[in-house]
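The values are calculated or read from the model by the stated rules, or taken from the named source; none is laboratory data. Since we're looking at a predicted model, the values are computed, not measured. So basically every Cβ, Gly included, is an ideal-geometry build from the backbone, and we count neighbours across all protein chains shown. Quick note on the areas: whole protein, heavy atoms, side chains included, nothing else; ligands and nucleic acids left out. Shrake-Rupley method; radii C 1.70, N 1.55, O 1.52, S 1.80 Å.
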Amino acid sequence: MKFAVISDIHGNLPALEAVLADIATLGIGQIYHLGDLVGYNPFPDEVTARIRELGIPGVVGNYDLAVAADCADPVAEYLNPAISEMAKDIFRWTKARVHRDTVRYLLSLPRYLTIDAGERRLLLT
C-alpha cells in the first residue's frame, strides 16, 4: 500500500489543497500528517478543519503546541526564542485568532503514532 506523509502546513490552505490534489492522482491509500498544521500563514482553522474532515491521522507539532498550550511563555517552551520579531508577531496573531475547536483538536493529537507499513512498523513523531 502506498501512503503519503505531509508536514509543516503552517496554515497554508492553498498549498495543502494543491498537495492533496497531487496525492489524489498518485493512487495513495492513506495520508498521515506530522503536525505543525498552524502558524505563519492565515488559514490555521481552515487547514485544521480540512485535515479533520478528511480524517487524516497524525501527530502534534511544536508550533501546534505553542499555539494551543496554556503556558506562560509558549515561544520559549515550544519554539525557538531567537525567532525574529516578525515571526513572534505572526505567532501572536495565530494564537489570538485560532478557534477553540482548533485548539481542542491540536491538544488531542498524540505526540507519536505507530503505523504498520507492510512488513515494517513506522514511528511518526
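Treating the beta-carbon of each Lys and Arg as +1 and of each Asp and Glu as -1, no other charges, what is the dipole magnitude of segment 21-105 about its Cα centre, to the nearest 20 debye?
140
Classify the chain: rounded, prolate or oblate, from the alpha-carbon gyration tensor (a ≥ b ≥ c, eigenvalue square roots; a/c under 1.5 rounded; otherwise prolate if a/b is larger than b/c)?
Values: a/c = 2.13, a/b = 1.62, b/c = 1.32.
Prolate shape, in that a/c is at least 1.5 and a/b is the bigger ratio.
In whole percent, what relative contact order does the chain give with Cα contacts below 8 Å and a gap of six or more residues?
Values: 190 pairs, mean separation 30.9, N = 125.
After rounding, I find 25 percent.
With axes computed from alpha carbons, what is the tilt in degrees of helix 44-54 against the longest principal axis of the chain, rounded to the nearest 10 within 0 to 90?
Tilt relative to the chain: about 20 degrees.
If you roll a 1.4 Å probe over the heavy atoms of the protein chains, what accessible area per residue do you get for segment 33-112, in Å²?
Working: 4280 Å² over 80 residues.
Spelled out: the 1.4 Å probe surface of segment 33-112, per residue, equals 54 Å².
If R0 is 35 Å, what FRET efficiency do you get for Arg97 and Arg120 from their C-beta distance, rounded to 0.05?
Numbers: r = 40 Å, r/R0 = 1.14.
It comes to 0.30.
How big is the dipole moment of segment 1-53 about its Cα centre under a simple scheme where the beta carbon of each Lys and Arg is +1, that of each Asp and Glu is -1, and everything else is neutral? Debye, nearest 20, please. Intermediate results must be reported in sequence, preceding the final value.
On the way: 3 positive and 7 negative charges, 39 e Å.
Around 180 debye, computed over segment 1-53.
Between the helical axis of 13-24 and the dominant principal axis of the chain, each derived from Cα atoms, what acute angle in degrees is found, rounded to the nearest 10?
10
Using a probe of 1.4 angstrom, how much of the accessible area of segment 1-60 is carbon and sulfur, in percent? Intermediate results must be reported in sequence, preceding the final value.
Working: 1610 of 2850 Å².
Of the solvent-accessible surface of segment 1-60, carbon and sulfur hold 56 percent.
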